[in-house]
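Here's the structure, in structure tokens; my notes come after.
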Amino acid sequence: MPSGARIIHATLDASDVNRDVPVEHALVGDARLVLEALVDEIKQRLPPGPLGRAKRVTQQIQQIKSSWMAEWMPKLTSRQQPLSPYRVIWDLMHTVDVANTIITHDSGSPRDQLAPFWECVSPLSYIGWGKTTQLGYGLGLAMGAKLAQPDKLCVNVWGDAAIGFTGTDLETAAREGIPILSILLNNHCMAVELQFFPVATDKYRVTDISGNYTKMAQSLGCYSERIEKPEEIIPAIKRGIQKTREGVPVLLEFITSQETDLSIFP
């Protein structure tokens, strides 16, 4: 937390107040109700009508975004092999019908790579979560989303560490007929941890992971493909979407580089 900041903490649980940092004001209540109350209060303090800042602020946002995207476009459109995970995410976003897609990520690299670049265009279409659950949590979220919204394409993006935790639950999706689209970014390691375990990685390869998850998913009753070339990304995604429409859960395993560059705060 920034030093010297005046902290206002909104939380559902009163026991959270002042637990980590001292707060000046505590707003205890349901997040939606608290936000609605804040909006009503702020409206009373503002003059009626537009403030005249919309055009300037919009232009500023567009300039910042254009500069940021120009910096990242080489990774988002990379033709490298192993694949850039950013290329997979970029092609995924430009292949699915985003307005009719519900997507979630897993923790670690998949979350930090997806979150800055995925652009939602409809409410409740992005299930974001932090470090409050175990690896592999996104698979269950995608299945739950599909049960709640069967007409939507429901996608989870995860890595090889996450599938090691809950991957056999793909059998649940197959057995119960829950046709999700599971996007696996397989870089054969826990890349997000490389900076923290340099000695252990060098000596004991503690961050290394291996496996052919395409074969595993097929053995559990899913449709699955292993993709290694950039020109194969979009066709594989289209085939996967078609299989979900036929009622079959899908795992697409993309062999990616051990990417560690992140753009969490563009």
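Read the figures in this text as sums done on the coordinates, not as results from a lab. Please read these numbers as outputs of a predicted model, since none were measured by experiment. In this analysis, Cβ positions are derived from the backbone assuming ideal geometry, glycine residues included, and neighbour counts consider all displayed protein chains.
The spread of Cα positions in region 1-160, taken along each principal axis and listed from longest to shortest, comes to 53, 40, 38 Å.
Distant-in-sequence amide contacts of Ile103, defined by a placed amide H-H separation under 5 Å and a gap of 5 or more residues or a different chain, comprise Tyr126, Ile127, Val155.
Among the trypsin sites (Lys or Arg not before Pro) found in region 173-266, those both in a DSSP coil and sparsely packed, with 13 or fewer other Cβ atoms within 10 Å of their Cβ, are Arg205.
The Cα center of region 87-143 and the Cα center of region 189-225 differ in position by 20 Å.
Angle of helix 137-148 to the longest C-alpha principal axis of the chain, folded into 0 to 90 degrees and rounded to 10: 80°. Taken one residue at a time, the phi angles of region 73-81 give Karplus couplings (6.51, -1.76, 1.60, θ = phi - 60°) of 4, x, 6, 5, 10, 4, 9, 5, 9 Hz. Gly and Pro are set to x.
Roughly how tilted is helix 233-245, in degrees to the nearest 10 and between 0 and 90, from the longest Cα axis of the chain? Rounded to the nearest ten degrees, it is 90. Under a Gaussian network description of the chain, with springs only between Cα atoms under 10 Å, the residue in Asp208, Asp16, Asp169 that fluctuates furthest is Asp16.
For the listed residue pairs Lys55/Lys146; Lys43/Lys146; Lys65/Lys243; Lys55/Lys229; Lys75/Lys243; Lys43/Lys75, the alpha carbons are over 31 angstrom apart in Lys55/Lys146; Lys43/Lys146; Lys65/Lys243; Lys55/Lys229; Lys43/Lys75.
3J(HN,Hα) along region 180-196, derived from phi through the Karplus expression 6.51 cos²θ - 1.76 cosθ + 1.60 where θ = phi - 60°, amounts to 8, 10, 9, 9, 9, 9, 9, 10, 6, 6, 9, 4, 5, 9, 4, 5, 8 Hz, with x in place of Gly and Pro. With no solvent and one point per C-alpha, what does the Debye sum give as log10 I(q)/I(0) for region 75-255 at q = 0.12, 0.15 Å⁻¹? Once normalised to I(0) and log-transformed, intensities are -0.51, -0.81. Of Pro74, Pro110, Pro22, the residue with the greatest mean-square motion in the GNM of the chain, using alpha carbon springs below 10 Å, is Pro22. How big is the antiparallel share of DSSP beta bridges in region 75-255, given as a percent to the nearest 5? Percentage antiparallel, nearest 5: 5. Using only Cα atoms, tell me the angle between helix 31-45 and the longest principal axis of the chain; keep it within 0 to 90° and round to the nearest 10. So the inclination is approximately 40 degrees.
Evaluated with a Cβ-only charge set (Lys, Arg +1; Asp, Glu -1), the chain carries a dipole of roughly 640 debye about its Cα centre, given to the nearest 20. Cβ-to-Cβ counts within 10 Å put Leu153, Leu38, Leu139 in ascending order as Leu38, Leu153, Leu139, the fewest first. Using the Cβ of Leu262 as centre and a radius below 14 Å, the other residues enclosed give a net charge of -3, where K and R count +1 and D and E count -1. Taking Lys and Arg as +1 and Asp and Glu as -1, the other residues whose beta-carbon sits under 12 Å from that of Asp160 total -3.
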